[in-house]
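Data block below; observations after.
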Amino acid sequence: MTWPKELIFQTPNKYYIPDDLVEKDTMGFIGEFREFAMKGNVLDMAVGIIIGAAFGSIITSLVKDIIMPPLGLILGNVNFTDLFISLDGKSYASLAVAQAAGAPTINYGLFINTIINFIIVALAIFIVIRRVNEMKRKPEPAKPNTKECPFCKESIPKNAVKCSHCTSDLGLGQ
């Protein structure tokens with residue numbers, strides 16, 4: 001499409017066409033993606049995902065390195081990462097040995113670790129969201145702009161001098 005010269009604005013290195021003259025369909029895929037990606041919510045979400053990934057690795061270390069060893073000690077020197085069922089019927093000393101031998105395994109100890117990770121992450125997110133909600137200001141309730149008619153008990157505007165329902169004269173003093 002060619003544009004009339006009076007509708008095109010020139011700056012030192014670029015030509016601009018006013019937005020109200022450009023049809024949405026002419027933006028193309030790249031233009032639509034750029035518009036989508038530059039919205040504030042998308043950038044906020046990207047930052048949240050990056051921080052969430054870092055937080056997830058911290059929680060994984062907390063469970064694997066701090067919570068599970070004492071829990072395993074309390075339960076009789078159990079190493080949760082070595083809790084597995086070998087599906088080939090053979091017995092292996094550890095999960096690493098079974099995996100090195102290529103044995104199919106059900107790794108229920110690792111699954112227990114993952115469940116504990118999830119519970120801790122869910123609890124942490126719950127606590128953060130709860131605190132954020134507590135910090136939000138609660139809006140003050142709006143002052144009523146109506147009053148009750150003393151004759152018919154219907155709701156009428158506060159400054160009314162005559163009831164619109166029963167047509168009673170309310171006087172100026174009420």
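The values are calculated or read from the model by the stated rules, or taken from the named source; none is laboratory data. Please read all numbers here as calculations on a predicted model, not as lab measurements. Accessible surface is based on the protein model in full, side chains and every heavy atom, while ligands, DNA and RNA are left aside. Shrake-Rupley method; radii C 1.70, N 1.55, O 1.52, S 1.80 Å.
Name the long-range amide H neighbours of T105: under 5 Å, sequence gap of 5 or more, or other chain; modelled H, no Pro or chain starts.
L87
If you roll a 1.4 Å probe over segment 54-130 with all protein chains in place, what percent of the accessible area is carbon or sulfur? Spell out each step's value before the answer.
Details: 3670 of 5110 Å².
The nonpolar share, carbon plus sulfur, comes to 72 percent.
Please list, ordered by chain and number, the residues whose modelled amide H lies under 5 Å from the amide H of K147; skip anything fewer than 5 residues away on the same chain.
I156, K158
Given axes a ≥ b ≥ c from the Cα gyration tensor, I'd like to know whether segment 78-148 is rounded (a/c under 1.5), prolate (a/b larger than b/c) or oblate.
Judged from the Cα gyration tensor, segment 78-148 comes out prolate (a/c at least 1.5, a/b above b/c).
Could you tell me how many cubic angstrom of Cα convex hull volume segment 27-151 has per residue? Please report the intermediate quantities before stating the final value.
Details: hull volume 41.7 nm³, N = 125.
It comes to 334 Å³ per residue, whole-number rounded.
Residues of segment 92-174: accessible area per residue at 1.4 Å, in Å²? Spell out each step's value before the answer.
Numbers: 6650 Å² over 83 residues.
In whole numbers, segment 92-174 has 80 Å² accessible per residue.
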